[in-house]
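Have a look at the structure below before the remarks.
The values are calculated or read from the model by the stated rules, or taken from the named source; none is laboratory data. Keep in mind that what you see is a predicted model, and the values were worked out from it rather than measured. So basically every Cβ, Gly included, is an ideal-geometry build from the backbone, and we count neighbours across all protein chains shown. Accessible surface is based on the protein model in full, side chains and every heavy atom, while ligands, DNA and RNA are left aside. Shrake-Rupley method; radii C 1.70, N 1.55, O 1.52, S 1.80 Å.
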Amino acid sequence: MTMDDHNNLQAGKETPASDTKTWWLNTFCFFIFGFFAFFNVEMFLIGAQDILSGRNVPTAILITCFEGPLVMAKLVIPLFQEKIPYVVKVFFITSSMILGLSLVVFANDFKVKILGVGLNAMAAGANEATFLALASFYPKLCISAFVAGTGTGCLVAALYYTALMTWTCLSPKTTMMITIPLPLAVLVSYALLNKDFLPNSSQSSPKELKHVKYSIVGSTSDTMDQDAPSRQKLTCGEMLNIAWKMSSVNISLLLSFSAEYISAVSVLTTISFPDSHILPRDHFLIYLLSYFIGRFVGRSYLLLFSWLPSNITKFLQCNRTWIFTVLQMAQLTFLVLNSLYHFVPYIWIIICVCSTLGLIGGMICVNAPHAVAQHVKSEEKEFALGLVSVGSSMGVLVGALIGLAVESSLRKHCVEHYPDTKEFCFTRYQNTTGWETNIHC
C-alpha cells in the first residue's frame, strides 16, 4: 500500500458522516432544538384559559401577541443568516426563552405578561429559522429530527401541564415556573453538535502534511455530496426569486395554519358538553391534549419510518401540501357548524376531530421542508429552509386575528340560543383565582 492510499484510507475513516456515534449525536441535538422551539409557546396555549383567568378578552389575543413577534423573527433572521454567528443566535434564543417565561410567571401586570409571551415568540421564531437553516448543512434526517422534536415538545408540554393541573394541587403559576431553566438544554446541545459539517469549520477541511507528496486525482460526481449546500452571499433579487419559487408551499401553510388555529383557539373554546360531567375549563385541556397527540404523530412519522428503505420513505412523503390545506378547511367548517347548532352528541367525537386536526397540521409541517427542497438549488437551501416557516407563522397570525371575532360571535350565539347551559358556552373561569391556585384542590 502506498503512502497516498494510506492517507486516503485514513481520511475516509475520519469522515464525520461515517461516524455512527456522531450521526446519532447530531440527530439527537436537532431533536432537542426542535423540542424546545415551541415548548413554552404551546404551554402558554394550553394554559391560556388560566393565564387569562378573570379577564374578558378573547383567547386569540394571546396567540396574536406572540405570533406578531414570531413572524417578525422568522422574516428578519433569514436576511441576516450569513452575517450572525450561530453561537450568538443560540445564546439569544436561550436567554429570550428564560427571560420571557420568567416575566409570564412572576409579573402581575397583564401587559408585562404579554411582553414575556412576545419574548418567547421571538425566541421560537429565531429557533425555527436558525436551526432549519443549520440543518441544510447536515444529513436530511436532521430536518425530520428537528420537526419530530417540535411535535414531541408540543405533546410533552401538553401532557406536563394537563397532568399537573389534574393530578396534583400545583397552581398554573408554579407549574410554569418549574420549566424556567429547561431552555439551557438548547445551549448545551449546540455545544455538543459536531461542527465539522459547517462550511466555516476549521475542521471541515483536511490538514496538509508537509512530508507527504500529494498528487491530483480524478473525481466524479459520485464522490461528492450533491445535497450539501455551498455557502455564498445571496443578493436581494436572488432572495426574492427563492421566495417566489417556494410561494405555493407557503400559501398552503398559511391557509392550513389559519384554519387549524381558528379551530383550536377560537372555536373549541365555545364547545363543551353539560352531560359529560367535566368542568368547562377542563374541556379545553382535553381538546388540546388530544390535538397535541395528533400533532406529535404527524410531525414524527417520517422520523419513525426513517429506518425503512429510501424508496418507501420517499413514498410516505407528500409534496402536494394543498391536500392538507383542504382537509384542515373541512374540519374547521365541521367545528364551526357544531358550535352553532350543537348537533354532535358525544364529547369523544370532538376529541377525535381534535386529534386529526393536530395530525394533519403536523404532517404538513414535516412535509413542507422536503417539498421546498424540490423547488430550490442546493446552494439556496439554507435561505429557503430558514424562510419556509414564515408561511405557517403568517397563517397562525391570520387565524388568531380572525379568531378574535369568531370566538366572540360564537359565544354570543351560544348564550342567546342555549340560555339554560350558558356556563358551558365558554371554557374559562370568570375569576382570577385560576392562576394562583389549582381549581381542583
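Some values worked out for this structure:
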| quantity | calculated |
| --- | --- |
| Range of Cα positions in the chain per principal axis (Å), largest first | 90, 41, 40 |
| Tail weight of P(r) past 20 Å, computed on alpha-carbon pairs of segment 30-105, percent | 40 |
| Enclosed volume per residue, in Å³, of the convex hull spanned by Cα atoms of segment 153-196 | 73 |
| Listed residues Leu335, Leu62, Leu184, most fluctuating in the chain (Gaussian network, C-alpha, under 10 Å) | Leu184 |
| Listed pairs Lys21/Lys377; Lys74/Lys245; Lys74/Lys412; Lys89/Lys113 exceeding 26 Å between Cα atoms | Lys21/Lys377; Lys74/Lys412 |
| Ala405 paired with Leu304, simple spin-label distance in nm, labels 7 Å along Cα-to-beta-carbon | 3.9 |
| Average silhouette area of segment 249-314, convex hull of alpha-carbon atoms, in square nanometres | 6.3 |
| Over segment 388-441: Rg over Rh, Cα atoms, Kirkwood Rh | 1.15 |
| The chain: relative contact order in percent, alpha carbon pairs under 8 Å with at least 6 residues between | 29 |
| Degrees between helix 60-79 axis and first principal axis of the chain (Cα, 0 to 90, nearest 10) | 10 |
| Candidates Thr130, Thr427, Thr20: whichever shows maximal mean-square fluctuation once the chain is modelled as a Gaussian network with Cα springs under 10 Å | Thr20 |
| Within the accessible area of the chain (1.4 Å probe), percent carbon and sulfur | 67 |
| Where the Cα pairs of segment 338-410 fall when distances are cut into 10 Å bins, in % | 15, 30, 30, 16, 7, 1 |
| Segment 303-401: trypsin sites (Lys or Arg not before Pro) in DSSP loop, at most 16 other beta carbons within 10 Å | Arg320, Lys377 |
| Ordering of 343-349, 369-375, 411-417, 290-296 by packing [mean C-beta count within 10 Å, highest first] | 290-296, 369-375, 411-417, 343-349 |
| Any cysteine of the chain lacking a neighbouring Cys Cβ under 4.7 Å - listed by number | Cys29, Cys65, Cys142, Cys154, Cys236, Cys318, Cys352, Cys354, Cys365 |
| Summed side-chain charge close to Thr162 - residues other than Thr162 whose Cβ falls under 12 Å, Lys, Arg +1, Asp, Glu -1 | -2 |
| Segment 64-198, Rg to Rh (Cα coordinates; Rh as Kirkwood inverse mean 1/r) | 0.99 |
| Most mobile of Thr162, Thr313, Thr64 in a GNM of the chain (Cα contacts under 10 Å) | Thr313 |
| Ratio of Rg to Rh over segment 117-166 (Cα coordinates, Kirkwood Rh, two decimals) | 1.10 |
| Separation between Cα centres of segment 55-103 and segment 329-356, rounded to whole Å | 32 |
| Within-12-Å neighbourhood charge of Ile347 [Cβ basis; K, R +1; D, E -1] | -2 |
| Local electrostatic count at Pro280 - Lys and Arg +1, Asp and Glu -1, tallied over other residues with Cβ under 15 Å | -2 |
| Cα-based equivalent ellipsoid of segment 319-361: semi-axis lengths in Å, sorted from largest, via gyration tensor | 22, 12, 5 |
